[in-house]
1. Over 28 Å between Cα atoms, which of A:K60/B:K54; A:K61/B:K61; A:K61/C:K60; A:K26/B:K41 qualify?
2. Please report the spacing between the Cα centers of the stretch A:108-124 and the stretch B:93-115 in Å, no decimals.
3. Relative to the first principal axis of the alpha-carbon coordinates of chain C, what is the inclination of helix C:100-122, with its axis defined by its Cα atoms, in degrees from 0 to 90 and to the nearest 10?
4. Long-range amide H contacts for C:V63: which residues qualify at under 5 Å (H placed 1.01 Å from N, peptide plane, sequence gap of 5 or more or a different chain)?
5. Can you list the distances in nanometres, one decimal and ascending, from the A:V119 label point to the identical position in each other copy, with the point 7 Å along Cα to Cβ?
6. Dipole of chain C (Lys/Arg Cβ +1, Asp/Glu Cβ -1, origin at the Cα centre): which of C:L105, C:A133, C:V119 lies farthest to the positive side?
7. So what are the ³J(HN,Hα) numbers for the stretch C:42-53, from phi and the Karplus equation (6.51, -1.76, 1.60; θ = phi - 60°), rounded to whole Hz, Gly and Pro as x?
8. Quick one: compute the contact order of chain C, relative version, from alpha carbon pairs under 8 angstrom and 6+ residues apart, as a percent.
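None of the figures in this text is laboratory data; all of them are computed from the coordinates on show. If you're wondering where the values come from, they're calculated on a predicted model, not measured in any experiment. Virtual Cβ from ideal backbone geometry, glycine too; neighbours counted across all protein chains shown.
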Amino acid sequence: MAEVVHMIDSEVFLAFSTYATIVVLKMMLMSFLTSYFRLTKQAFSNYEDTALVKSSEDRKKLVRVDQDVERVRRCHLNDLENVVPFVMIGLLYALTGPDLSTALLHFRVFVASRFIHTVAYLMALPQPSRGLAFGVGLLTTLSMAYRVLTTALFL
Amino acid sequence: MAEVVHMIDSEVFLAFSTYATIVVLKMMLMSFLTSYFRLTKQAFSNYEDTALVKSSEDRKKLVRVDQDVERVRRCHLNDLENVVPFVMIGLLYALTGPDLSTALLHFRVFVASRFIHTVAYLMALPQPSRGLAFGVGLLTTLSMAYRVLTTALFL
Amino acid sequence: MAEVVHMIDSEVFLAFSTYATIVVLKMMLMSFLTSYFRLTKQAFSNYEDTALVKSSEDRKKLVRVDQDVERVRRCHLNDLENVVPFVMIGLLYALTGPDLSTALLHFRVFVASRFIHTVAYLMALPQPSRGLAFGVGLLTTLSMAYRVLTTALFL
């Protein structure tokens with residue numbers, strides 16, 4: 001990491017910024033999807049939210065758990081558990097000065113794996129499709145973490 | 001992002017550091033609130049935690065779900081889903097060298113929207129107060145992401 | 001933060017990179033643990049996942065909640081709520097140019113507290129073991145946030 005200041009101006013850092021932003025936007029999309037499913041399936045967590053779709057007496061029934069909503073929420077949480085480590089470790093990785101082609105490979109594979117994961121999750125595709133997408137993304141992050149630790153190790 | 005090294009010393013970066021730290025501290029406050037409600041409402045997720053408030057036989061009854069505790073937890077998770085993207089995209093945004101006034105506008109609006117969101121959530125204010133606060137914060141992050149992608153795009 | 005460009009090449013930044021990566025890897029380990037418990041306890045959230053362990057008719061029974069799986073998931077969520085703030089604030093902290101020994105103390109105490117927290121959570125050790133580990137980690141992050149705000153304050 002000796003030339004890290006140089007690295008922050010590099011194409012690797014631009015590529016990291018691009019892919020990290022794209023995959024974080026994809027993660028944020030899950031919030032919209034959750035709201036969309038809550039409104040169309042009329043299933044809310046908070047009583048005050050039911051006023052968005054109904055004004056009558058029986059609003060209490062709308063505070064309920066819907067399986068489609070829960071599926072989107074699990075997918076969102078899985079994104080948090082995987083995309084956030086990618087961005088945090090990826091930032092440090094980009095500062096270690098990897099080859100541009102190697103870095104691009106990591107970023108592209110990870111981002112693709114998360115899009116596939118989301119489609120597999122939301123459409124309930126047969127396993128192991130979702131498991132494979134999850135695993136590939138995880139391995140990509142682990143590979144970047146390995147480079148950070150072997151390049152920057154200072155305990 | 002050509003002058004990114006220069007940018008990291010800039011007032012924009014100082015402003016980002018300040019607002020990011022404030023809003024992350026706000027998010028961490030939710031942990032205390034959860035603990036506080038768990039102790040006062042005597043509603044725990046783990047059997048071993050019930051020893052904190054009771055030593056008698058009927059501790060098992062305290063492993064239960066309380067609606068006020070769940071409300072704080074949902075608010076905390078919503079913070080994770082929104083504050084973390086703000087910090088990650090905001091860091092990259094600060095490195096693109098935006099105008100100080102534009103950057104401050106983004107940071108201030110986002111942080112204010114999250115404080116309002118928390119108050120609206122915990123006090124169960126009538127919708128669309130919480131929805132608006134959520135939406136304004138999301139738009140702020142999207143606006144920063146747009147600048148990152150138009151400035152740094154490298155696919 | 002006047003000499004932040006200098007700081008990003010420093011031993012403090014190398015130490016941050018090392019400890020941040022280690023504790024994020026620890027957090028990611030919880031995903032594996034969740035999968036392991038789901039497979040061994042045969043308790044899944046998604047119907048399509050049950051095909052991983054069974055092909056017969058009674059797969060629907062495997063879509064259920066298991067207390068050991070839920071414990072791992074709560075531990076994972078607690079990691080997200082604490083490790084992610086540590087990495088985000090720790091990055092800014094590392095850029096404020098703290099003494100190497102002070103910075104190492106913060107990083108080491110935090111990472112140790114999270115490992116102890118995980119062991120205490122998964123083994124259901126008597127309280128306040130887990131609560132103390134959680135509190136020590138939180139105080140470490142607060143201490144770093146205090147330095148960021150006093151060094152970089154720009155509202």
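1. A:K60/B:K54; A:K26/B:K41
2. Computed from Cα coordinates, the inter-centre distance equals 31 Å.
3. That works out to roughly 20 degrees.
4. It is C:F44, by chain and number.
5. Copy-to-copy label distances for A:V119: 4.5, 4.5 nm.
6. It is C:V119.
7. 6, 9, 10, 9, 10, 4, 5, 6, 5, 5, 5, 10
8. Reported relative contact order: 31 percent.
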